[in-house]
1. Among the residues of the stretch 1-21 satisfying the criterion of being out of contact with any Phe, Trp or Tyr (no Cβ under 8 Å at 6 or more places or on another chain) and in contact (Cβ under 8 Å) with a residue 60 or more places away in the chain, which is farthest from residue 106 (Cα to Cα)?
2. Residues of the stretch 25-69 being in a loop (DSSP other than H, G, I, E, B) and among the aliphatic types (A, V, I, L, M), which ones?
3. One residue is enough: does the stretch 114-125 have a residue meeting the conditions touching a helix residue (DSSP H, G or I) at 6+ places or on another chain (Cβ under 8 Å) and modelled with pLDDT of 85 or more?
4. Is it the case that the stretch 33-48 has a residue that's modelled with pLDDT under 90, under 29 Å from residue 76 (Cβ atoms) and surrounded by fewer than 10 Cβ atoms within 10 Å (Cβ to Cβ)?
5. Suppose the filter is under 18 Å from residue 140 (Cβ atoms) and without any contact (Cβ under 8 Å) to a residue 40 or more places away in the chain; does residue 29 pass it?
6. Of the residues 22, 87, only one is part of a helix (DSSP H, G or I), of a type in the set (Val, Ile, Thr) and crowded, with 17+ Cβ neighbours inside 10 Å; which?
7. Considering the stretch 102-120 alone, what residues qualify as being hydrophobic (A, V, I, L, M, F, W, C) and either closer than 17 Å to residue 130 by Cα or in contact with a Pro (Cβ under 9 Å, 6 or more places away or on another chain) (or both)?
8. Condition check: surrounded by 16 or more Cβ atoms within 10 Å (Cβ to Cβ), among the small types (Gly, Ala, Ser), under 22 Å from residue 30 (Cβ atoms) and in contact with a Ser or Thr (Cβ under 7 Å, 6 or more places away or on another chain). Does residue 107 satisfy that?
Amino acid sequence: MEEDERSSIEKVRGVLVRILFVILSVGMGYLFAYQWGFLPNGYEWIGEQSSTITIQKNDLYGLKDKELDISFEEDESFKMSRLRDQVEGQFLHYFFFFSTAFVMIFSFLQDRFIDEPLKKGQLFGALFTLFMAWVNVAMQLSQISEMVSGG
């Protein structure tokens, strides 16, 4: 009976550690995306005046690259609001991507720490999930760049 209690306690402990890692991963994703504004190849909203919008383009390393002034016709206010929504919405996509990446890293490190063998299915599942999060970010950036270029 004592052996069963120990194994149950170890299982509960393992689950609690995983939950802690998920919470830490979500916190790190939030810090990267929202607090620090780390947006590789992303855009930042600077401001707007009547029919002109100013946004900041970031480079691959998340550093400020160049300011873009985009002008719209008077009857294209819907495009201005859509661009603003797209630029402000990319933080959420980066948040999901960074959170996914950190969950994958923490899970991998935890499994290595307890000498659990690397399972091919887990690896492919984690990489696929990370890939899908990146596709989400890439689609968002593609839509923004299309709107910026006048499409």
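1. Among residues in the stretch 1-21 that are out of contact with any Phe, Trp or Tyr (no Cβ under 8 Å at 6 or more places or on another chain) and in contact (Cβ under 8 Å) with a residue 60 or more places away in the chain, the one farthest from residue 106 (Cα to Cα) is 17.
2. 39, 60, 63
3. Taking every residue of the stretch 114-125 in turn, none turns out to be touching a helix residue (DSSP H, G or I) at 6+ places or on another chain (Cβ under 8 Å) and modelled with pLDDT of 85 or more.
4. Within the stretch 33-48 (the criterion being modelled with pLDDT under 90, under 29 Å from residue 76 (Cβ atoms) and surrounded by fewer than 10 Cβ atoms within 10 Å (Cβ to Cβ)), the answer is yes, since at least one residue qualifies.
5. no
6. On inspection, the qualifying residue turns out to be 87.
7. 102, 103, 104, 105, 106, 108, 109
8. no
The values are calculated or read from the model by the stated rules, or taken from the named source; none is laboratory data. All figures in this text were calculated on a predicted structure; none of them were measured in a lab. Note: ideal-geometry Cβ built from the backbone for every residue, glycine included; neighbour counts use all protein chains shown.
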